[in-house]
Amino acid sequence: MKRIGMLTSGGDCQALNAAMRGVAKCIFHSGEDVEMYGFLEGYKGLIYGNFRMLTPADFSGVLTKGGTFLGSSRTPFKQIREPDENGLDKVEAMKQNYYKLRLDCLVILGGNGTHKTANLLRTEGLNVVTLPKTIDNDLWGTDMTFGFQSAVNIATDAIDCIHTTAASHGRVFIVEVMGHKVGYLTLNAGIAGGADIILIPEIPYDIKKVIDKIEERNKNGSKFTILAVAEGAISKADAKLSKKEYKEKMKNYKYPSVSYEIAAKIQEKTGYDVRVTVPGHTQRGGSPCPYDRVFASRLGSEAGKLILKGEYGFMVGYKNREIVKVPLEEVAGKLKMVSPDASIVKEAKLLGISFGD
Ligand code: F6P
């Protein structure tokens, strides 16, 4: 008999349900006697003992559904060791709920913060297997995360739609793409959507270079310019500030987001009409694309295989076109970022795309 607990934590994304279905199908089909429990709303469910038993019916018809049927929430790792408002020790509570249900392991689906807590639970003696979800594709130890390709599709669609109207009006358009710390989504959607300028957190920009590119396009007869700007794009000047100085600056920040600041600067210096579009959480919504359905199903079934073999303490990831198991201690606390020297960046530059650097 195997007793398995499952939860989805952090910001949701497409293919969470597909990944859980992959795990469940593999285990239910193995013929092993199994009890499966779903904890509701991420670690919150594990802390407060909110769970329900899951049967094969729960995983039927969910392959194509976005979101997560277990619900999700953010439980910041920084506060995990702090007691809750009623003095409850959260880590101890999670352990007690695990032991009460006599679980053999927890399957945890999440991104960076989630993996830190998953690794903590491992060091506390719980058996854990994780799956890499996030539209940011910024998890260490895996070349790909599920949700990413679906989000690239949506952000690309947004840029495609903006293209036609930008061309009609001869305007400068900024499409703000999700990603506060890491620019994979902006980089890929930017290239796919034919953006002229791509600004990502890993490559600080100089507003003069951004404007030069717009003027150059104008001189060459292109009366519109499209910028794909990551939520966390940062100017060279701001990148030089210490964390404390930057925080201080942001206290009095008058723009809704960095894109509006860039738009204001371009407008002020050039007089061009600039508009900002923010697809926001649509990038995390809707059905998973076929790539993510296949990818999440593969990862899920491989996680199921590990559980059946009793191999715990791993994230199931993807490296060099192979599904791999990565020790959790190698994943937790590390961010996978776009290298400014990556070949994809160099190739984008060969296409004439400016990074404002
Ligand atoms: O980590 C996924 C992500 O969608 C980021 O790209 C984005 O910056 C953030 O979550 C938004 O978080 P929230 O949904 O909590 O506003």
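The values are calculated or read from the model by the stated rules, or taken from the named source; none is laboratory data. What you see is a predicted model; the values in this text were computed from it and never measured. Virtual Cβ from ideal backbone geometry, glycine too; neighbours counted across all protein chains shown. Remember, those area values only see protein heavy atoms, side chains included, never the ligands or the DNA or RNA. Shrake-Rupley method; radii C 1.70, N 1.55, O 1.52, S 1.80 Å.
The table below gives the values:
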| read-out | value |
| --- | --- |
| Positions within the range 322-357 being part of a loop (DSSP other than H, G, I, E, B) and free of Cβ contacts under 8 Å to residues at least 60 places away in the same chain, in sequence order | 341, 342 |
| Odd one out for residue 78, checked against (1) open to solvent by 60 Å² or more (accessible area, probe 1.4 Å); (2) among the charged types (D, E, K, R); (3) closer than 27 Å to residue 285 by Cβ; (4) not in a loop (DSSP other than H, G, I, E, B) | (3) |
| All positions within the range 179-199 that are away from the ligand (no atom under 16 Å from the Cβ), assigned to a loop (DSSP other than H, G, I, E, B) and in contact (Cβ under 8 Å) with a residue 40 or more places away in the chain | 195, 196 |
| Matching residues, the range 19-43, being hydroxyl-bearing (Ser, Thr, Tyr) and either open to solvent by 50 Å² or more (accessible area, probe 1.4 Å) or assigned to a loop (DSSP other than H, G, I, E, B) (or both) | 30 |
| Residue among 16, 54, 46, 70 that alone is open to solvent by less than 10 Å² (accessible area, probe 1.4 Å) and in contact with a helix residue (DSSP H, G or I) (Cβ under 6 Å, 6 or more places away or on another chain) | 46 |
| Residue match in the range 144-152 (condition: surrounded by fewer than 24 Cβ atoms within 10 Å (Cβ to Cβ), within 30 Å of residue 79 (Cα to Cα) and either modelled with pLDDT of 95 or more or assigned by TED's automatic domain parsing to the domain that holds residue 275 (or both)) | yes |
| Count of the range 130-152 residues which are more than 10 Å from the ligand (Cβ to nearest atom), outside any strand (DSSP E or B) and among the aliphatic types (A, V, I, L, M) | 2 |
| Among (1) surrounded by 16 or more Cβ atoms within 10 Å (Cβ to Cβ); (2) within 18 Å of the chain's Cα centre (by Cα); (3) under 20 Å from residue 15 (Cα atoms), the one test that residue 305 misses | (2) |
| Meets criteria (in contact with a strand residue (DSSP E or B) (Cβ under 7 Å, 6 or more places away or on another chain), at pLDDT 95 or above and within 16 Å of the ligand (Cβ to nearest atom)) for residue 158 | yes |
| Unmet criterion (only one of (1) at pLDDT below 95; (2) within 30 Å of residue 150 (Cβ to Cβ)) for residue 281 | (1) |
